[in-house]
Amino acid sequence: MTPGWIIAVIAAAGLASGGALMAWPRSTWPLLGVLGVLFACLSVRGHKSSRFAIALALLLFFIPAAGTENTFLFELVTQMGIFAAMALGLNIVVGMAGLLDLGYAAFFAIGAYTWAIFGSGQAAEFMSGSFPLAGWPYFYLFSALAIITAALTGTLIGLPALRLRGDYLAIVTLGLGQVVRVLANNLDQPVNITNGPQGITPIERPPIGWLLGFMRFIGLGDNPALGYAIFFYLLVLAVIGIVVLVNVRLDRSRFGRAWVAIREDEIAARASGISLTRTKLQAFATGAAFSGVMGAIFSAKQLFVSPESFTLLQSITILAMVILGGMGSIRGALVGAMAVTLLNIEVLKSFSDFLVDLRQSGYVLDLGIVSFNFANLSDQVEPAKYERMIFGIILILMMIFRPSGLIPESRHRLEAGSEKKDGMTG
Amino acid sequence: MLELRDVHACYGHIHALKGVTIHVQEGEIVTLIGSNGAGKSTTLRCISGLLAPRSGEILWRGQPIHGLKPFEVAALGIGHSPEGRRIFPRLSVEENLEIGAYLERDAAVIARRKTDVFSLFPRLAERRKQDGGTLSGGEQQMLAIGRALMQNPSLLLLDEPTLGLAPVLVENLFETLQTLHRAGKTILLVEQNAWHALHIAQRAYVLQTGSITHQGIAKEIADDPEVKQAYLGGD
């Protein structure tokens, strides 16, 4: 339990950074402040309702208010949300059930293509009927369908993987994940289902007349680009809310217990009456489902999908989020997704821009002994391209200094906090 | 209640069980003694479905159960506390017990069984929020037995529950087994600690390199000169 004054400090910091973000919506520092407060809300213990209220105020008031000036904020948080849902799904498979899955982006692809094919003219290539399926119920219907198709694919990929563990399972899932991408790449012949490497575009978005009406009402005008930014922001927040709720329920249910049991000791779990087959498949299917629904939302948001969006790097990025946050920890997965996304699309890019500015201005760093003229900095030096290297370094550092993640699974907290006793004394 | 007829089992090329025939009656404590590698644990693994026998029959209340999956065997009321305790070290005592009751969905029943286990092993109640891995060896063994009891099994398969325990704890544990027996549990006990096991059991089997060499009333087995020589340290 955290003392009350810390919560008060977090609330004050939330108010200050939120206000600063509204005043300077394009500046990076207030944004980092806001995200820092969200991190704090996730990592502090106790005072559930106050923390929830602070996070909600930031997410539903300060960020949207600043976002109307700078839609990039919506884009950033929406991306974070999409990755957070996937991190939560992968957390079930890898973190809770202990099944190392390196092909997780495949389920995201399945979800994305489920809506992309029917939400564009693509479906007309191989079936009769009028496409795209525009109009309000279709997108939501197909999002639900994406959950089912992803869960089914998860089960299918899980089946051959059932007898494998650890490294072997990782290799098989890595291969199966690539199979999905290669299929998407090549299913333009003989029947054009996925449109191959060109990808599918444009993809329909659900109509948002109601939101535009509301925006006109509060004096924001009816710019559809802003409307859709807000729409996807709210949609992703709502889905994340549901996903977190489902995760928390699962974690405490017999499913969650069974997952953790097979992770900890398969033989003991089997002796306790847990079916390995069923439990592993449930983990794969549940994890895949979360990814599938976000895939559908992603395709509508981007208006475009292509096999290039679902590479191995994508799977590894999500795994990095889970490991960074803390395997098996729900709050950890959220924090990991936020941190990695932020690093990817904000910090590295800003740093690149910063270096470009320095280079162009010919700034000379003079420390007396050494001096460096930034005009001489090679064009090749661009942090945004070092994503993989930086992930690698982060993961190595995490493994050395904090192997159970930023926010360890609550089951491990006792162990970390209390001194270990010798387990073999009589 | 339980009957094994001519059960053979192999690990790869190693022929671990060479025609084991044993039976357990309702309400008995039956012990299976023998040296390392005799096939005691293998016998239990065959019964609970962790290992499929190569040939032979395993009957539970007259019905064949060989070839069933472990969770199906568990659902029939056979609880297996496997060799080496195998508690979940990173889960709390309570979570360990809850996993034991995995097949039971009724929360009230699970709570009642938990109370029963805690009254049998008050030490576990004191440590209910503690991680399994932080318990002492004796407590871990209590937890392993408690976890198997959470299934509310009619037959309890115990694999070397006294392994690595101090003598005083061994005494306590055997007393607890007798308490369970008086409460009506049937127990098939695999032990290296032959003297104690023969003391509390009604009947006994001696297993040697995969075959039964002696069987009968526990007291008589304990008096058998050959058994005495081999397992009870002579006299």
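The values are calculated or read from the model by the stated rules, or taken from the named source; none is laboratory data. Treat the numbers as computed from the prediction; the structure is a model and nothing was measured. Note: ideal-geometry Cβ built from the backbone for every residue, glycine included; neighbour counts use all protein chains shown. These accessible areas exclude ligands, DNA and RNA; they are computed on the full protein's heavy atoms, side chains included. Shrake-Rupley method; radii C 1.70, N 1.55, O 1.52, S 1.80 Å.
A few notes on this one:
- The antiparallel fraction among DSSP beta bridges confined to chain B stands at about 55%.
- Threshold 40 Å², the stretch B:109-145 residues less accessible with all protein chains present than alone (1.4 Å probe): B:131, B:134
- GNM result for chain A, Cα springs below 10 Å: residue of A:17, A:306, A:350 fluctuating most strongly: A:350
- When each of the peptides B:157-167, B:102-112 is scored by how many other beta carbons lie within 10 Å of its residues on average, the order from highest to lowest is B:157-167, B:102-112.
- Here the accessible area of the stretch A:71-330 is 67 percent carbon and sulfur, with a 1.4 angstrom probe and all protein chains present.
- Comparing each chain alone with all protein chains together (probe 1.4 Å, DNA, RNA and ligands left out), the residues of the stretch A:239-267 losing at least 20 Å² of accessible area are A:254, A:257, A:261, A:264, A:265, A:267.
- Rounded accessible area of residue B:199 (nearest 10 Å², 1.4 Å probe): 130
- Within the accessible area of chain B (1.4 Å probe), percent carbon and sulfur: 49
- Among B:67, B:216, B:100, the residue with the largest mean-square fluctuation in a Gaussian network model of chain B, with springs joining Cα atoms closer than 10 Å, is B:216.
- Scaled radius of gyration (Cα, divided by 2.2 N^0.38 Å) that the stretch A:1-70 gives: 1.07
- Taking θ as phi - 60° and the Karplus parameters 6.51, -1.76 and 1.60, the scalar couplings of the stretch A:185-198 work out to 6, 10, 7, 9, 9, x, 10, 7, 9, 10, 6, x, x, 5 Hz in sequence order, x denoting glycine and proline.
- 1.4 Å probe accessible area per residue over the protein assembly as shown, in Å²: 44
- Cα shape, the stretch A:147-298, gyration tensor, a/c 1.5 rule: oblate
- Theoretical FRET efficiency, 1/(1+(r/R0)^6), r = Cβ-Cβ of residue B:6 and residue B:163, R0 22 Å, to 0.05: 0.15
- When the square roots of the Cα gyration tensor eigenvalues are ordered a ≥ b ≥ c, the ratio a/c for chain A is under 1.5, which makes its shape rounded.
- Cα-Cα over 31 Å, subset of B:40/B:185; B:69/B:228; B:129/B:185; B:114/B:228: B:69/B:228; B:114/B:228
- Segment residue A:128-residue A:69, extension gain: residue separation times 0.36 nm, minus the distance between their alpha carbons: 16.9 nm
- In chain A, Cα pairs under 8 Å separated by at least six residues give a relative contact order of 23 percent.
- Working note: Karplus 6.51/-1.76/1.60 with θ = phi - 60° gives the stretch A:40-56 the couplings 4, 4, 7, 9, 6, 9, x, 6, 3, 5, 5, 4, 4, 5, 4, 4, 5 Hz, where Gly and Pro are set to x.
- Applying 0.36 nm per residue to the separation of residue A:238 and residue A:366 and subtracting their alpha-carbon distance, the gain on full extension is 41.0 nm.
- Selected from A:114, A:341, A:71 as most flexible by GNM, with chain A as the system and alpha-carbon contacts under 10 Å: A:71
- Per residue of chain B, the DSSP helices (runs of n ≥ 4 H) give a summed -39500 (n - 2.57) that works out to -11000 deg cm²/dmol at 222 nm.
- Per-residue mean of foreign Cβ neighbours for B:85-92 is 6 (Cβ atoms of other chains, 10 Å radius).
- The stretch A:1-127: C-alpha gyration tensor shape, a/c 1.5 cut-off, then a/b vs b/c: oblate
- Beta bridges by DSSP in the protein assembly as shown, antiparallel share as percent, to the nearest 5: 60
- Proximal charge balance of residue B:216 [Cβ under 11 Å; K/R count +1, D/E count -1]: -1
- Averaged over the residues of B:100-108, the number of partner chain Cβ atoms lying within 10 Å of the residue Cβ comes to 3.
- Label-point gap, in nm, between residue A:5 and residue B:63 - each point 7 angstrom along Cα→Cβ: 6.6
- Per-residue [θ]222 nm for chain A (sum of -39500 (n - 2.57) over DSSP H runs n ≥ 4, rounded to 500): -21500 deg cm²/dmol
- Charge dipole magnitude, Cβ of K and R +1, D and E -1 - the protein assembly as shown, Cα centre, debye nearest 20: 840
- In the complete set of protein chains, residue-level accessible area for residue B:98 is approximately 40 Å², probe 1.4 angstrom.
- Contour excess over end-to-end distance, with Cα ends at residue A:355 and residue A:189 and 0.36 nm allotted per residue: 55.2 nm
- As a rough guide to protection, the peptides A:21-29, A:296-304 ranked by mean Cβ packing within 10 Å, highest first, stand as A:296-304, A:21-29.
- B/A buried area, accessible surface, summed, 1.4 Å probe, Å²: 3000
- Portion, in percent, of the accessible area of the stretch A:1-70 that falls on carbon or sulfur, probe 1.4 Å: 73
- Exercise: per-residue mean of other protein chain Cβ atoms within 10 Å, B:68-75: 5
- A Förster radius of 56 Å combined with the Cβ-Cβ distance from residue B:182 to residue A:155 puts the calculated FRET efficiency at roughly 0.75.
- Peptides A:226-237, B:86-97 ordered by average Cβ neighbours within 10 Å, highest first: B:86-97, A:226-237
- Accessible area (Å², 1.4 Å probe, nearest 10) - residue A:385: 140
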